[in-house]
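Quick notes on the structure that follows.
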Amino acid sequence: MKKIIYTDNNYILSDTSNYGDGLDYAIKGEGVTLVLKNGREETRSGSAYAAARFCAYLGLIYVANPDFG
């Protein structure tokens, strides 16, 4: 299991994310824009949004490089 912490827009580690003794990855998770079912947009922050963004990036890397680790 990997630990992901979110950063603010200046890439400073968030003080509200609980990452214990260390972390593996840090990714922007503040001010993430979501498109809701009704088409409205909302902005939210948190490690859950950072983790989703991180997984999306990994997916894009894998699609572009299927032999990637």
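The values are calculated or read from the model by the stated rules, or taken from the named source; none is laboratory data. All values reported here derive from a predicted model rather than from experimental measurement. Backbone-built Cβ (ideal geometry, glycine too); neighbour counts: all protein chains shown. Heads up: the accessible areas ignore ligands, DNA and RNA and are worked out on the full protein's heavy atoms, side chains in. Shrake-Rupley method; radii C 1.70, N 1.55, O 1.52, S 1.80 Å.
Annotations
- Within the range 41-51, considering residues that are surrounded by 10 or more Cβ atoms within 10 Å (Cβ to Cβ) and at pLDDT 90 or above, the one farthest from residue 6 (Cα to Cα): 43
- Wholly within the chain, strands (runs of 3 or more DSSP E) carrying at least 1 residues that are free of Cβ contacts under 8 Å to residues at least 60 places away in the same chain and of a type in the set (A, V, I, L, M, F, W, C): 4-7, 25-28, 32-35
- Filter result (in contact with a helix residue (DSSP H, G or I) (Cβ under 9 Å, 6 or more places away or on another chain), open to solvent by 50 Å² or more (accessible area, probe 1.4 Å) and closer than 15 Å to residue 54 by Cα) within the range 3-40: 25, 26, 30
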